[in-house]
Structures are given as C-alpha cells and as structure tokens.
1. Restricting to the stretch 26-39, count the residues that are free of Cβ contacts under 8 Å to residues at least 24 places away in the same chain and either crowded, with 17+ Cβ neighbours inside 10 Å or over 18 Å from residue 8 (Cβ atoms) (or both).
2. Quick check on this structure: which one of 52, 42 is surrounded by fewer than 17 Cβ atoms within 10 Å (Cβ to Cβ) and within 16 Å of residue 68 (Cα to Cα)?
3. Quickly run through the stretch 1-24 and pick out the residues that are more than 17 Å from residue 71 (Cα to Cα) and of a type in the set (A, V, I, L, M).
4. Considering only the stretch 37-52, state which residues are modelled with pLDDT under 95 and either small (Gly, Ala, Ser) or not in a loop (DSSP other than H, G, I, E, B) (or both).
Amino acid sequence: SARQDVRLVFTDINMPGAINGLDLAHAVKANWPGTGVLLTSGAPPQGALPAGARFLQKPFMPMVLVAAVQDLLAEARPFARSVLRAPL
C-alpha cells in the first residue's frame with residue numbers, strides 16, 4: 001500500500017483464486033483512486049465497473065489496448081502523457 005509508482009492495473013475479470021478482476025478493480029479504486037484500471041474478458045462484466053475504470057472485450061486489436069492505456073494514464077497522471085508520446 002505504500003507504493004506510489006503503480007499508475008495502471010490491467011487485469012482479466014476471470015482470475016484464479018479468491019478474488020476476481022472486478023473485485024480487484026474496486027479495491028484498487030477504493031485504495032488508490034488515482035490509479036487507472038483496465039479490465040478485459042471475453043464476455044461483458046457481470047457487475048458494475050468502478051468509476052473511472054474501463055473495459056475491453058476480447059479479442060481486441062493491439063492499438064485499441066495501447067489507446068486505452070494511454071488514455072487512462074493521461075487521466076490518472078497528467079504528466080504521463082509526455083512519457084507515452086515519446087518516440088519508440
């Protein structure tokens with residue numbers, strides 16, 4: 001909980017173990033509201049996304065993923081925009 005360098009969590013809704021991706025998304029937004037959250041799955045989520053989270057249904061094109069990550073990072077941390085737009 002002390003880390004400040006996590007800017008985005010990208011997770012599938014279906015995960016092994018006691019917590020699913022939707023529960024993880026709600027926990028992240030409750031504890032670190034400035035952190036971007038992007039969820040994915042082959043089917044639409046069976047519950048409400050937390051405010052500010054985004055969902056990408058599989059399959060998706062790589063550029064759609066890149067655009068969603070860029071948008072979420074820009075919203076979560078305004079300075080991230082310049083980092084993401086740097087030439088590769």
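1. Restricting attention to the stretch 26-39, the residues satisfying the condition of being free of Cβ contacts under 8 Å to residues at least 24 places away in the same chain are 27-28, 30, 33.
After this cut, where a residue has to be either crowded, with 17+ Cβ neighbours inside 10 Å or over 18 Å from residue 8 (Cβ atoms) (or both) as well, the list is 28.
Residues in the stretch 26-39 being free of Cβ contacts under 8 Å to residues at least 24 places away in the same chain and either crowded, with 17+ Cβ neighbours inside 10 Å or over 18 Å from residue 8 (Cβ atoms) (or both): 1 in total.
2. 52
3. Here is the first cut: in the stretch 1-24, the residues more than 17 Å from residue 71 (Cα to Cα) are 1-5, 12-24.
Within the stretch 1-24, 2, 13, 15, 18, 19, 22, 24 meet the criteria.
4. 42, 43, 47, 48, 51, 52
The values are calculated or read from the model by the stated rules, or taken from the named source; none is laboratory data. The model shown is predicted, which means the values in this text are computed figures rather than measured ones. Reconstructed Cβ throughout: ideal geometry from the backbone, glycine too, with neighbour counts over all protein chains shown.
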